[in-house]
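**Q** Supplied in structure tokens, the structure appears directly below.
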Amino acid sequence: MIYWQLFLAFFVPNIIGYGGGPAIIPLIEAEVVGRYGWMNAQEFAETLALGNALPSPIATKMAGYVGYDVAGIAGAAIAVLATVVPSLLLMLGALGLLYRHRDSPRVKRMSQWVRPVIAVMMAWLTWSFFSTGLEGAGPLHTLLIAAAAAIALLRFRVHPALVILAALMYGGLFLG
């Protein structure tokens with residue numbers, strides 16, 4: 001039963017999610033944290049931060065980690081396959097269809113409507129992580145980390161992986 005749940009937890013978000021890894025992270029969180037309770041919001045946020053610091057697509061890293069944590073090597077394999085194979089098959093089918101109709105005004109309008117939906121989902125995920133940080137680390141540490149990260153990313157153009165690493169080190173030193 002756990003293998004089927006793992007399969008569904010990663011299959012469904014990857015089938016209905018549009019826009020790549022960052023767009024489906026809120027859907028994966030809803031399954032892993034909300035539906036099945038394999039992690040709490042804090043653990044999910046830490047897993048996401050660590051996954052973002054490593055190379056390769058985030059959805060497969062999340063699937064591998066959660067699958068392994070829940071059901072060992074077999075769980076990791078099932079979760080990764082549930083993430084990759086259906087998406088690959090749908091992508092190949094959709095790519096063929098979109099290529100055939102690439103000049104259609106309807107296809108162009110559809111693409112324009114999808115972007116705001118992804119932006120709203122990412123804003124919800126950001127708010128969720130910010131709220132979790134306020135509850136766990138408190139407002140002072142959360143705002144300090146957020147401000148330092150924003151300055152590092154926007155003003156000094158520091159690579160996001162380094163910003164995440166610095167935030168993890170700060171948390172380990174001052175909050176651990």
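**Q** Has the range 148-161 got any residue that is surrounded by 11 or more Cβ atoms within 10 Å (Cβ to Cβ) and not in a helix (DSSP H, G or I)?
**A** Yes, the conditions are met somewhere in the range 148-161.
**Q** While we're on this one: Which members of the range 99-143 meet the condition of being touching a residue at least 24 places away in the same chain (Cβ under 8 Å), in a helix (DSSP H, G or I) and closer than 20 Å to Val163 by Cβ?
**A** The answer is Met122, Leu125, Ser128, Phe129, Thr132, Gly133, Gly136, His141.
**Q** Here is a further query. Restricting attention to the range 87-122, report how many residues are open to solvent by 90 Å² or more (accessible area, probe 1.4 Å) and among the β-branched types (Val, Ile, Thr).
**A** Summing the residues that are open to solvent by 90 Å² or more (accessible area, probe 1.4 Å) and among the β-branched types (Val, Ile, Thr) in the range 87-122 gives 1.
**Q** Which one is surrounded by the most Cβ atoms within 10 Å (Cβ to Cβ) among residues in the range 1-57 that are of a type in the set (S, T, N, Q) and part of a helix (DSSP H, G or I)?
**A** Filtering first and then ranking leaves Asn14.
**Q** Shifting gears a bit: Which numbered condition in (1) touching a residue at least 24 places away in the same chain (Cβ under 8 Å); (2) in contact with a Gly (Cβ under 6 Å, 6 or more places away or on another chain); (3) open to solvent by 30 Å² or more (accessible area, probe 1.4 Å) is the only one that Lys61 fails?
**A** (1)
**Q** Turning to a different aspect of this structure: So is Tyr68 outside any helix (DSSP H, G or I) and of a type outside the set (Val, Ile, Thr) or not?
**A** It is false that Tyr68 is outside any helix (DSSP H, G or I) and of a type outside the set (Val, Ile, Thr).
The values are calculated or read from the model by the stated rules, or taken from the named source; none is laboratory data. Since this is a predicted model, take the numbers as computed values, not measurements. Reconstructed Cβ throughout: ideal geometry from the backbone, glycine too, with neighbour counts over all protein chains shown. What goes into the accessible areas is simple: the full protein's heavy atoms, side chains included, and nothing from ligands, DNA or RNA. Shrake-Rupley method; radii C 1.70, N 1.55, O 1.52, S 1.80 Å.
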